[in-house]
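Heads up: the structure comes next, in structure tokens.
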Amino acid sequence: MLKIEVKPGESIERALKRYKRKYRNTKRLDQIRSRQEYTKKSVERRKTLKKAQYKEQFLNEQEDQ
């Protein structure tokens, strides 16, 4: 469970923003969405390879500039 302590003089909106950021960084929502339906291991592998290729291409483009 995530705990966020509101600091003195801090607004509730700011504390909520910190909570949402922490929640997003735990990737809990991604886990819930991925468990909604079964994906074969071959499909997962293909997805990770495609993601790695995209990252490599993106970094190479950034390096060239």
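The values are calculated or read from the model by the stated rules, or taken from the named source; none is laboratory data. What you see is a predicted model, and the numbers here were worked out from it, not measured in a lab. A quick note on method: Cβ atoms are made from the backbone with ideal geometry, for glycine too, and the neighbour counts reach across all protein chains shown.
Considering the stretch 2-35, and only residues there that are surrounded by 12 or more Cβ atoms within 10 Å (Cβ to Cβ) and small (Gly, Ala, Ser), the residue that is modelled with the lowest pLDDT turns out to be SER34.
Residue check: LYS47 meets all listed conditions (1) exposed (fewer than 10 other Cβ atoms within 10 Å of the Cβ); (2) in contact with a Ser or Thr (Cβ under 9 Å, 6 or more places away or on another chain) but one, namely (1).
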